[in-house]
Amino acid sequence: MLSKRKKIIALAALNILIILLAFAWFLYAHRNLKPVGYTLSDIADWKVSYAAFDGASLYVDESYVDSGTPINLIWGPYGELPKGSYSVSVNYEADASQKVYATAAGEDHHLVTSSEGILNWHADHVVYQFECSENLNRFQLIIRYSGYGNFRVNSISITPNNNRNKRILTEVLAALLILDACFAVSALPLKQRRVVLALAGIALLISLPLAFRGHQDSDDLEVHYLRIEAIVQALRSGQFPARISSICHYGLGYPFSIYYNDIFLYFPALLRLLGFSVNAAYKIYAFSINFLTVLIAYVSFSRIFRSKKSGMVLTLLYTTASYRILNVYERAAVGEYTAQAFLPLAALAVYWMFSAREADYKKIFRNALILTAAMSGIIGSHILTTILFAFFLGIFCLLKWKMTFRKETFTALVLAVIFTIAVNLYFLVPLFDYHLNVPSLISTDQNNYFIQLRGVSPAQFFAFSQNLNGSSDYFVVGRSQFTPGFPLMIVFVIALGLRLYDPRKKQYDFLLFFSALAMLLSTDVFPWNHLIIHSKFWHTLSTIQFPWRFLSFAVLFETLLAGQLLRDYDFVKVRWALAACAVLMMCWFTGNVMNSGEIRWIYDTSSLQAELTGTMYLLEGTKEYDLIQGYDIGIKANVIEGEHMAALDLFSRNSYSLKMYARADDSHEVHHVIVPIFNYKGYHAVDEDGNEFPLSSGVQNVITFDVPDSFDGTITVAFRDPASWRAALLISAVSVILLAAGYVVWKKRINAFAPAAAR
């Protein structure tokens, strides 16, 4: 038998060997990427219907077909295509959106991994990507005409890319990392191995719906796909951090990253850069958050109740709670379910703060640091959950005011607030800058709803077999699973019954109160509308949009209530009964996902719709419907317009900047340039000599500016972070480093004093 040291050396050598071989293969595969000679000019190799070919381009309009009848306009060339990943570049002109699709003739179509690409009418160029898992003999590319509008295809080219090779290399390295983790787990004592395996089992259980090909067509899924792709485009353009989305609203610019923190979405964005499909990157992210939720929940609940067995059961209850699973798989509420991962950690910090019995500064620092980490995770995920957490924490501090203003508690709370602000300035400064200085719809009353009818019917708390793929509309019929779930509701009822039966069981009071409060606030019984009209506070709080967002906290409080029950009645049968209920509910959910709605597969950015259906964050006065339909102004992302300009030519455009050539018409005094970018704060127009042109908002709030007489030169319109934003980012980075260093020092001191304390 090899010694432990020799095993580690052998594993390290194996790691190095596999990594070297993987990179050698990658370099070899990269050097052997061969060009593909399929272009539109080889028209004899393509099949064409209904279109007129003038030797350089193909043209079709409604007069060529029955209006509104979709047809395959171009398909072919039925040639050979080696195994690999490819990019299709299509240059076109369109006043209605069309589609492109890669496949193979006959039974080989299943060897092509792709999804329909959209040739959006706002643009004139698209790069569409797909992958072949085997060599193809009859590769087929289809351009589909919708039956509406004028449509001209100017060129098509197909080139190999490195996506498949990058993804395989990443998969090999990930498999190696998993192998190392398995080796590390195998070296643990038996009890610890069992804990790790149990936690891994829970993570796999709650991730079962991710095992299906594609993803359920969820409420906000495509919105979050667009958020991820916007980060990808920004990183490809060399922009960090991402600020303005170049994908949403047809590339006209949308400040998603300013209003909605997306720090955790850099992980799936990195996976996209490493060659993973849109679907795969998102599903890996969802699994990672599931795993993180399991880990944080176990650590937090185990330490709150000082029992690993109870911690395991509570982790299962929390992670399989109906509302959390609903957020992950039906609502695709990325921000909300990511924030739910950090709520147990926040509960642990608050518990330690209020249970401290002496002013131990090492523990005060530890508690403040834990709450900072939890709050930073919540702020980095979902600002509305942050508001709700502050709401409940404020109520708790008021009810426990004597303990709140103790030295050991108050000091930790103040430090946590200071640390949290410092760590999150990178997001808070741009957010408040835009909120105060940019007249967007988020800053108006249009987002304060009369939300009462959207609340949960109290009967829904006990309706455990509702359709997962339901709605969040005003009517109860067809509603989703807006309930903490069967196990947690049983816990609530039992705890309430015990408290009513025996008035001495006051240990349940606070958790029962907060559980009931969270559920009450989520219902259509709570007088939301009346309070919104008569109270500025509730009017502001109504920006949560849906009362059932409070169910995240009902899940947390009822899980803690279950922990209190297990502490008082720690019977093996009780733990197994709760665990069995949770597992059965999760299995039911998995089957419900299979039978609920459409399963979508999105391979690449070009398959995503360019517009969003909501108006939040748009500049005041922007008419979204007119923008989408082309009324008032036919804005196209790659078309610059002007008044009294002799020449306007677009040189290049990426996520953040647009470079163009402009020449003024000397026969007029005013020379007006209209740029297809929304005029959000942060954009600047500068010529090659460094002269800046003042910007104003034109029709649909796009950027407009004037150039002087006889102007003839290059102008760059680009987004630049204000100095205050850059300073905030630097402060956040330094704060994280200092707090991490402080934690390391604290840990070393604790370990140094531990042996002495033991003696």
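The values are calculated or read from the model by the stated rules, or taken from the named source; none is laboratory data. Computed from a prediction, not measured in an experiment: that's the story for all the values here. Positions of Cβ are generated from backbone atoms using ideal geometry, with glycine treated the same way; all protein chains shown enter the neighbour counts.
Taken over region 572-626, the criterion of being modelled with pLDDT under 80, of a type in the set (Lys, Arg) and either assigned by TED's automatic domain parsing to the domain that holds residue 116 or over 17 Å from residue 227 (Cβ atoms) (or both) is satisfied by 573, 623.
Selection within region 440-457: residues that are exposed (fewer than 14 other Cβ atoms within 10 Å of the Cβ) and at pLDDT 70 or above. The member of this set that is nearest to residue 258 (Cα to Cα) is 450.
The sole residue among 123, 96, 102 that is at pLDDT below 85, within 28 Å of the chain's Cα centre (by Cα) and either on the phi < 0 side of the Ramachandran plot or among the polar types (S, T, N, Q) (or both) is 123. Here the condition is being exposed (fewer than 13 other Cβ atoms within 10 Å of the Cβ) and at pLDDT below 75; of 52, 12, 24, it holds for 52 alone. Residues that are over 27 Å from residue 296 (Cβ atoms) and of a type outside the set (S, T, N, Q) within region 159-204 comprise 160, 164, 166, 167, 168, 169, 172, listed in sequence order. Exactly one residue among 347, 390 is buried (at least 17 other Cβ atoms within 10 Å of the Cβ) and in a helix (DSSP H, G or I), and that residue is 347. Just wondering, is there one or more residues in region 73-87 that are under 36 Å from the mean Cα position of the chain (by Cα), charged (D, E, K, R) and part of a strand (DSSP E or B)? There is no residue in region 73-87 that is under 36 Å from the mean Cα position of the chain (by Cα), charged (D, E, K, R) and part of a strand (DSSP E or B). Of the residues screened, residue 549 is one that is touching a helix residue (DSSP H, G or I) at 6+ places or on another chain (Cβ under 9 Å), in a helix (DSSP H, G or I), at pLDDT 85 or above and surrounded by 15 or more Cβ atoms within 10 Å (Cβ to Cβ).
Scanning region 122-135 for residues that are closer than 27 Å to residue 57 by Cα and in a strand (DSSP E or B) gives 125, 126, 127, 128, 129, 130, 131. Looking at region 654-669 only, could you name the residues that are closer than 19 Å to residue 235 by Cβ and either at pLDDT below 85 or outside the structural domain of residue 707 (by TED's automatic domain parsing) (or both)? Within region 654-669, 654, 655, 656, 657 qualify.
Scan 128, 64, 145 and give me the residue that is aromatic (Phe, Trp, Tyr), over 15 Å from residue 606 (Cβ atoms) and in contact (Cβ under 8 Å) with a residue 60 or more places away in the chain.
Numbers: 128 fails: over 15 Å from residue 606 (Cβ atoms); 64 fails: in contact (Cβ under 8 Å) with a residue 60 or more places away in the chain.
Sole residue among the options that is aromatic (Phe, Trp, Tyr), over 15 Å from residue 606 (Cβ atoms) and in contact (Cβ under 8 Å) with a residue 60 or more places away in the chain: 145.
Scanning region 328-371 for residues that are modelled with pLDDT of 90 or more, among the aliphatic types (A, V, I, L, M) and over 29 Å from the mean Cα position of the chain (by Cα) yields a count of 1. Can you find a residue in region 356-373 that is under 30 Å from residue 616 (Cβ atoms) and in contact with a helix residue (DSSP H, G or I) (Cβ under 6 Å, 6 or more places away or on another chain)? Taking every residue of region 356-373 in turn, at least one turns out to be under 30 Å from residue 616 (Cβ atoms) and in contact with a helix residue (DSSP H, G or I) (Cβ under 6 Å, 6 or more places away or on another chain).
To keep it simple, each residue is scored yes or no on (1) more than 30 Å from residue 116 (Cβ to Cβ); (2) crowded, with 22+ Cβ neighbours inside 10 Å.
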{"position": "205", "(1), (2)": "yes, no"}
{"position": "209", "(1), (2)": "no, yes"}
{"position": "223", "(1), (2)": "no, no"}
{"position": "235", "(1), (2)": "no, no"}
{"position": "244", "(1), (2)": "no, yes"}
{"position": "277", "(1), (2)": "no, yes"}
{"position": "301", "(1), (2)": "yes, yes"}
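Taking the criterion of being in a loop (DSSP other than H, G, I, E, B) and crowded, with 20+ Cβ neighbours inside 10 Å, the residues of region 649-678 that qualify are 655, 656, 671. Looking across region 376-387 at every residue that is closer than 16 Å to residue 416 by Cβ and in contact with a Ser or Thr (Cβ under 7 Å, 6 or more places away or on another chain), the one that is surrounded by the most Cβ atoms within 10 Å (Cβ to Cβ) is identified as 378. A single entry from 197, 173, 204 fulfils the requirement of being modelled with pLDDT of 90 or more and under 30 Å from residue 29 (Cβ atoms): 173. Among all residues of region 370-386, there is none that is without any contact (Cβ under 8 Å) to a residue 40 or more places away in the chain and either hydroxyl-bearing (Ser, Thr, Tyr) or more than 24 Å from residue 739 (Cα to Cα) (or both).
Report, by residue number, each residue of region 148-190 that is part of a loop (DSSP other than H, G, I, E, B), surrounded by fewer than 19 Cβ atoms within 10 Å (Cβ to Cβ) and over 29 Å from the mean Cα position of the chain (by Cα).
149, 150, 187, 188, 189
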